[in-house]
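For reference, the structure is listed below as structure tokens.
The values are calculated or read from the model by the stated rules, or taken from the named source; none is laboratory data. Just so you know, these numbers come straight off a predicted model, no measurement behind them. Reconstructed Cβ throughout: ideal geometry from the backbone, glycine too, with neighbour counts over all protein chains shown.
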Amino acid sequence: GKGCIDGECVYPQCQSVTCGPNETCAAGFCYPKDCTHEQCPEGAVCAHPCGDPLSCPGRCVEELCAPVVCGLGEACVAGRCVEPSCADSSWNGAETDVDCGGGTCPVCALGKRCVQASDCDAPACTSGRCANTSCTDGAKNGDESDRDCGGSCPLKCAARASCTQGADCASLICRQGACTAAACNDGVANGDESDSDCGGEFCRKCVAGKACRRGSDCVTGVCTNQVCAS
């Protein structure tokens, strides 16, 4: 953001730059204050787009484009030289929305149309719109391993859903990129087991010293302080 110097808001790149009385600083460069085309709106400065004051008159450009000189047939948008169609206020070419997306134009803002996340200045493309990720949006995005599950989502993925690690899965087992169902011989405390491969409704009873939730989890029938008694 801007800093305050001598009562004026100044961009960080301009805080050590001293311009002449008829100049203004943008992106670390000095430009003439008087434009021949129009008075520049907020966020724009007067610059000579061809780089030579004698060859072309000054005009208002966005501040990020002030130090940029693009080639013939190119336009500057957000500090980048792009195809003219990326600055014509129309939805055309490979764009996914007006003047953005598609790989050749700048990325699209939140809420704009998209085909994939790379079209967006946002972490996800959900239902054709640039969006923030959510664990309830019905799409696989963010760090989810499958749709709305795994990763940092509270819901763990069911059997056969995609995974990258055991923590993505309800069974805590990820094999060859897919969650497996809990089993009584998988070496992991999962499903309704109270300890590894024992306890719960379907697996064998747990021996003394194993974790339990109730007496029925244990061979002895006694569960004390969540441990099967001897």
Self-check item: Residues of the stretch 99-125 satisfying the condition of being under 15 Å from G142 (Cα atoms) and of a type in the set (S, T, N, Q)
Solution: Q116, S118
Quiz item: Looking at the stretch 94-125, which of the residues that are surrounded by fewer than 20 Cβ atoms within 10 Å (Cβ to Cβ) and hydroxyl-bearing (S, T, Y) is nearest to V82 (Cα to Cα)?
Solution: T104
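Every residue, every condition in (1) among the basic types (K, R); (2) touching a strand residue (DSSP E or B) at 6+ places or on another chain (Cβ under 9 Å), yes or no:
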site: R129; (1), (2): yes, yes
site: G177; (1), (2): no, yes
site: C206; (1), (2): no, yes
site: N225; (1), (2): no, no
Quiz item: So which residues in the stretch 162-171 are assigned to a loop (DSSP other than H, G, I, E, B) and buried (at least 20 other Cβ atoms within 10 Å of the Cβ), if there are any at all?
Solution: C163, S171
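Which of the residues belonging to the stretch 184-195 are surrounded by 15 or more Cβ atoms within 10 Å (Cβ to Cβ) and either in contact (Cβ under 8 Å) with a residue 12 or more places away in the chain or more than 15 Å from C169 (Cβ to Cβ) (or both)?
Let us first name the residues in the stretch 184-195 that are surrounded by 15 or more Cβ atoms within 10 Å (Cβ to Cβ), namely 184, 186, 188-191, 193-195.
Selection gives C184, D186, V188, A189, N190, G191, S194, D195.
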Quiz prompt | Failed item, numbered, when G102 is tested on (1) modelled with pLDDT of 80 or more; (2) in contact with a Pro (Cβ under 8 Å, 6 or more places away or on another chain) | solution = (2)
